Every structure is written in structure tokens, then in C-alpha cells.
Amino acid sequence: MKYLVVGGAGYIGSHMVRHLTKAGHQVVVVDTARPRPGIAWVAMDIVDGPALDRLFGEHRFDAVFHFASFIQVGESVADPGKYYQNNVAATLSLLQAMRRAQVNHLVFSSSAAVYGDPLSVPIDEAHPKAPINPYGRSKWIVEQMLGEFDQAYGLKSVSLRYFNAAGADPGGQLGECHEPETHLIPLILQAAAGRREAITVYGRDYDTPDGTCIRDYVHVSDLASAHAQAIDYLRAGGTSTAFNLGNGQGFSVQQVIDAARTVTGRTIATLDAPRRAGDPPRLVADAGKARSVLGWQPAFSSLEQIVAHAWNWECKYPWH
Ligand code: UFG
């Protein structure tokens, strides 16, 4: 198959590219940043419709994976225009170009952020969608657009609602690197590596067993395999839908720090700080639908293993 991976230079996108090329597929990456060497790359902002038309004219893609989005919740509150422009308007431009080129299969990177502050956990796909910030709202708007694009134009899509993507390629060549980094596990490991003094714990007064927030960490390689299964599902005639991707097990911030201490053998200093605005106390997935409909089976559901892969990469590429 020949696939277009939009955002294939990023954290999850680069793992997807690796998964697809290892399976023998042809891949073209569109990204404003450079992907890993050896991957066909078109430097482009997908808001540029004519450039997309040229690309779709040059290649006959079987499907599109769309990973490109801004992901910082706090920034989305401070600058919503940036988020609606990049996450919604640019995605609309991609969808329009797909229509023009009659490429009818898309897998879209959505987020648990579409649920907002959950009414109960674990969260299944039927849980009300009530995003509490522009980042989450941008994902939910796109999901709704995708439903309408299917009804009106027959564009079939799967939205994958990631919980907390984490870990790194077990081979140690790819890993997580955001600029700036805001995610818990890479920040803990930077502290373990001595690249920062301490990990700040945002809030110890939540209504959870140890008072810190609970999240469902899902290995990035398992996210990649779910995307591949989502394409198989669409190619087999599956209807447009959304799936949660998580392990169904919640770990608190303190438990993640403890796991990192075990994995790294380092002390890892902590610094207590007030709650971070907009953090729900618990996010845990019910991913039963992905398991039953897609046949998804996460390979790395142990937190220690997820942290160990991230640590392996952190140690190999400390300059990232
Ligand atoms: N945390 C800390 N200290 C830090 C960083 C994070 O205590 O330095 C805590 C947060 O308060 C939160 C937990 O660790 O309780 C996880 O935080 P992350 O920033 O790693 O991830 P989020 O849970 O905020 O992830 C959310 C959504 C995702 C979305 C992502 C966007 O759950 O769907 O934001 O980056 F993709």
C-alpha cells in the first residue's frame, strides 16, 4: 500500500512511519519538520490546498494518516486561534484535498481530551463529549466534520482517541521529544538523567488514593499497531467511527515517579506545586471497542516497560 502520513516527523507519527515501512508499505511524509533519514518527505503546511493537490496528483495514496496538530492544552487556552487554525482549518484543507483526489480513507489522531472532565471512569466512546479547552474542542470539531464528510461525500474515517501516549520504540531509535516538553514521563526522565533538577508535581490534593492525578499511559508502538488495524478495518468496509486507545489501567503521577525510580535506579527529586489548570483528576480508557472491533491487543501494558523504553531512548539520545 502507499500511505500519506501527515505529521510523520512527530512523536507518534514517526513511530507510525516505522511501523508501516517495516510492514513493507510505501510512505510519504508531509510535515513542516524533517522526518528520519530515508523517508520520502514533502515539506508543506497542509493548509496549502494547491500544494496538496500537486502531491495527490503525483501519488495515488491508498489512505491518509493525520497526526499533525498542536497539543498543548495551556497554550490552546492562551491562543485558541492558533489551535483552530492548525488543528481545524488545516485539517479541513486536507479533507477537501482528499475529496478532490478521491482518496477515501483516513485515520485521524483524536484525544481523550474530547471527553473533558469525565463523569465517570473508565470512559467508553459513548461518554458525553464535553471538551474543556480549545485543544480538546479542536479534536471534537474535526471528529464531527469527519462524520459529515462521510455522510455527504463518502469519506470513511476512524478517529483514534489516545489517552496518554508514552514510551518509545523498543529498538531505541525513536522517542518522545516535544519543544517545549510538557509531558510527565519525559520530564521525569530528564530529572533522572540530571537534565533538570526535579519533577514538579502539579497537585497532591486530588480526590485520588495518593492525591495526585491518574492517567492511562499507552505505549506509542501500540498506538501505531492500532492505526494499522484501523486502516485494515476501513479497507474491509468498516463504517466511520471512533475508538479509545488506552490500557484501561490508571496510574497516579506519584506511581509514575516511583516506577521511574525503579527503572532508572536514580533518586529523582520532586517539587510540589499547585494544580495545573484544566487537569481532570482521572482519565482511564475503556478500550474494549478497539479490542473487539479492531482486534487490538496492546503489547506493552506494564508501566515499568513503558518507562523503560522511554529511559532507553533518553539514555541513547541525551541531546535530543
Ligand atoms: N504532570 C505533573 N508534572 C509535570 C507534567 C505533568 O505533575 O511536569 C501531571 C499533570 O498534571 C497530569 C499528568 O502529569 O496530571 C499527565 O500530564 P501530561 O501533561 O503528561 O498529559 P495530560 O494528561 O495533560 O494529557 C492531556 C490529554 C491528552 C492530550 C495531551 C496534550 O490527556 O489527550 O494533554 O498534550 F493529548
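The values are calculated or read from the model by the stated rules, or taken from the named source; none is laboratory data. All values derive from a computational prediction rather than experimental measurement. Glycine gets a Cβ as well: all are built from the backbone with ideal geometry, and neighbour counts include every protein chain shown. Surface areas here come from the heavy atoms of the whole protein model, side chains and all, with no ligands, DNA or RNA. Shrake-Rupley method; radii C 1.70, N 1.55, O 1.52, S 1.80 Å.
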Requested in this report: Take the Cα atoms of region 221-278, find their three principal axes, and give me the spread along each one in whole Å, biggest first.
Outcome: 51, 30, 15
Report task. Quick one: what are the phi-derived ³J(HN,Hα) couplings along region 130-142, Karplus 6.51/-1.76/1.60 with θ = phi - 60°, whole Hz, x for glycine and proline? Result -> 9, x, 10, 8, x, 4, x, 5, 4, 5, 5, 4, 5
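How large is the helix-only mean residue ellipticity at 222 nm for the chain, computed as the sum of -39500 (n - 2.57) over DSSP H runs with n ≥ 4, divided by its residue count, in deg cm²/dmol to the nearest 500? Numbers along the way, then the final one.
Working: 10 runs with 115 residues, N = 320.
When only DSSP H runs of four or more count, the value is -11000 deg cm²/dmol.
Mind ordering 254-262, 192-200 by average Cβ neighbours within 10 Å, highest first?
254-262, 192-200
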Query raised in the report: Volume per residue, Å³, of the convex hull around the alpha-carbon atoms of region 130-220?
Result: 168
Report task. Mind putting a number on the dipole of region 1-93 about its Cα centre? Charges go on the C-beta only, +1 for Lys and Arg and -1 for Asp and Glu, and I need it in Debye to the nearest 20. Result -> 420
Report task. Using a 1.4 Å probe and ignoring any ligands, DNA or RNA, find the accessible area of F61 and quote it in Å² to the nearest 10. Result -> 0
Query raised in the report: Excluding V88 itself, what net charge comes from residues whose Cβ is under 12 Å from its Cβ, given Lys and Arg +1 and Asp and Glu -1?
Result: +2
**Report entry** For region 247-320, convex hull of alpha carbons as volume per residue, Å³
**Finding:** 148
Requested in this report: Quick one: which residues, 5+ away or cross-chain, put their amide H under 5 Å from the amide H of R196? H built at 1.01 Å from N.
Outcome: A191
Query raised in the report: Roughly speaking, what is the centre-to-centre gap between region 67-101 and region 159-212 when only Cα atoms are used, to the nearest Å?
Result: 24
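Within the set of other residues whose C-beta is less than 11 Å from the C-beta of D169, count the net charge using Lys and Arg as +1 and Asp and Glu as -1.
Details: positive: R18, K22, R36, K316; negative: E176.
Summing Lys and Arg as +1 and Asp and Glu as -1 gives +3.
Shape call for region 50-99 from the C-alpha gyration tensor, a ≥ b ≥ c root eigenvalues: rounded (a/c under 1.5), prolate (a/b greater than b/c) or oblate?
Prolate, because a/c is 1.5 or more and a/b exceeds b/c.
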Requested in this report: Could you check what % of the DSSP bridge pairs in the chain are antiparallel, to the nearest 5?
Outcome: 5
Report summary line: Among K22/K129; K22/K156; K2/K139; K2/K289; K129/K156; K129/K316, the pairs whose Cα-Cα distance exceeds 32 Å are K22/K129; K129/K316
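Just to confirm a number: summing +1 for Lys and Arg and -1 for Asp and Glu over residues other than R18 whose beta-carbon lies under 13 angstrom from that of R18, what do you get? List each step's numbers first, then the result.
Working: positive: K22, R36; negative: D169.
Spelling it out: positives minus negatives among the neighbours equals +1.
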Query raised in the report: What is the spread of the Cα atoms of region 50-194 along each of their three principal axes, largest first, in whole Å?
Result: 50, 39, 29
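Using the per-residue mean of other Cβ atoms lying within 10 Å as a proxy for protection, in what order, highest first, do the peptides 266-277, 32-43 fall?
Values: 266-277: 12.5, 32-43: 14.0.
For the peptides 266-277, 32-43, the packing ranking is 32-43, 266-277.
Divide, for the chain, the radius of gyration over alpha carbons by 2.2 N^0.38 Å, where N is the residue count. Can you show the working numbers first?
Details: Rg = 19.0 Å, N = 320, 2.2 N^0.38 = 19.7 Å.
Normalised Cα radius of gyration, the chain: 0.96.
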**Report entry** Karplus 3J(HN,Hα) series, Hz, for region 261-268 with 6.51 cos²θ - 1.76 cosθ + 1.60 (x for Gly, Pro)
**Finding:** 5, 5, 5, 8, x, 9, 5, 6
Query raised in the report: In the full protein assembly as shown, how much of K139 is accessible to a 1.4 Å probe, in Å² to the nearest 10?
Result: 10
